[in-house]
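Student: Shown below is the structure under consideration.
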Amino acid sequence: MEKFDKKIGYVGIGNMGGAIAQYLARVEFDLTVYDVRPEAMEPFAANGTKTAGSLKELVDAVDYIMICVEDDYKLIKLVTEADGILTYARKGQVIIIQSTCKISTARQIEKAAAAKGVLVIDAPVSGNFEDRNNGTLGVYVGGAKETVELCRPIINAIGAEGK
């Protein structure tokens, strides 16, 4: 696996996101997780993975922000509304959308992020429980070529094409 020295934050550690985040921690990425449900973070803390007490704390601590939430409304709210990711984001950070969302939603987020100098790729995943735990998911990536290349080590880690 490629050496990756950037810090990753993962928001939304439910069924899919939680397994992906656990895999990233297991293969030794510098990872911090956050979820609105404190109990979702307990297994991560028990395994020594950093947890954030707030969305702001996570955004302040990382270079890349991966998101896996269940619908477009929650995704837009998480990123663009008051106290959302873009409230705290800084120029040069990268958002990786792992939620399955409409193309229009990804574009809306990309446009809002660009105003702050934040980069975005859309990288939803497909696979079963075994794929989530073994880094062999199908990852469908869209976004600016340069931004996709910045994210390549992460995509290769979680995706079957990187194996």
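The values are calculated or read from the model by the stated rules, or taken from the named source; none is laboratory data. The structure displayed is predicted, hence computed values, not measured ones. Glycine gets a Cβ as well: all are built from the backbone with ideal geometry, and neighbour counts include every protein chain shown. Just so you know, the surface numbers come from the protein's heavy atoms only, side chains and all, with ligands and any DNA or RNA stripped out. Shrake-Rupley method; radii C 1.70, N 1.55, O 1.52, S 1.80 Å.
Student: Right, F29: touching a Phe, Trp or Tyr at 6+ places or on another chain (Cβ under 9 Å), at pLDDT 95 or above and of a type outside the set (V, I, T) or not?
Tutor: So F29 fits the description; yes.
Student: Looking only at segment 59-86, count every residue that is under 23 Å from K102 (Cβ atoms), β-branched (V, I, T) and part of a helix (DSSP H, G or I) and tell me the total.
Tutor: Total meeting the criteria: 4.
Student: Hey, can you tell me all the residues within segment 28-44 that are over 17 Å from I97 (Cβ atoms), open to solvent by less than 40 Å² (accessible area, probe 1.4 Å) and not polar (S, T, N, Q)?
Tutor: F29, L31, A40, M41, F44
Student: Would you be able to tell me the number of residues in segment 106-136 that are over 17 Å from A25 (Cα atoms), open to solvent by 40 Å² or more (accessible area, probe 1.4 Å) and assigned to a helix (DSSP H, G or I)?
Tutor: 5
Student: Does G9 satisfy being modelled with pLDDT of 95 or more, part of a loop (DSSP other than H, G, I, E, B) and not β-branched (V, I, T)?
Tutor: Judged against the criteria, G9 is not a match.
Student: Let me ask another. Restricted to segment 137-154, and to residues that are without any contact (Cβ under 8 Å) to a residue 40 or more places away in the chain and of a type in the set (A, V, I, L, M, F, W, C), which residue is surrounded by the most Cβ atoms within 10 Å (Cβ to Cβ)?
Tutor: Looking at the filtered set, the residue picked out is V139.
Student: Out of segment 63-77, which residues are surrounded by 17 or more Cβ atoms within 10 Å (Cβ to Cβ), closer than 11 Å to I8 by Cβ and of a type outside the set (V, I, T)?
Tutor: Residues satisfying the conditions are Y64, M66.
Student: Next question, about the same structure. Quick one: I96 ticks every box in (1) part of a strand (DSSP E or B); (2) free of Cβ contacts under 8 Å to residues at least 40 places away in the same chain; (3) surrounded by 15 or more Cβ atoms within 10 Å (Cβ to Cβ) except a single one, so which number is it?
Tutor: (2)
Student: Please state which one of G14, G53, G9 is open to solvent by less than 10 Å² (accessible area, probe 1.4 Å) and either of a type outside the set (S, T, Y) or over 15 Å from A157 (Cβ atoms) (or both).
Tutor: Going through G14, G53, G9 in turn, just one is open to solvent by less than 10 Å² (accessible area, probe 1.4 Å) and either of a type outside the set (S, T, Y) or over 15 Å from A157 (Cβ atoms) (or both): G9.
Student: Out of (1) within 24 Å of F129 (Cβ to Cβ); (2) of a type in the set (D, E, K, R); (3) not in a loop (DSSP other than H, G, I, E, B), the odd one out for K56 is which?
Tutor: Tallying (1) within 24 Å of F129 (Cβ to Cβ); (2) of a type in the set (D, E, K, R); (3) not in a loop (DSSP other than H, G, I, E, B), K56 fails exactly one: (1).
Student: Those residues that are open to solvent by 50 Å² or more (accessible area, probe 1.4 Å) and closer than 19 Å to A123 by Cβ, I need them from segment 78-91; list them, please.
Tutor: Residue satisfying the conditions is T80 alone.
Student: Next up: Determine whether I109 is within 13 Å of the chain's Cα centre (by Cα) and closer than 28 Å to S54 by Cβ.
Tutor: Criteria not met by I109.
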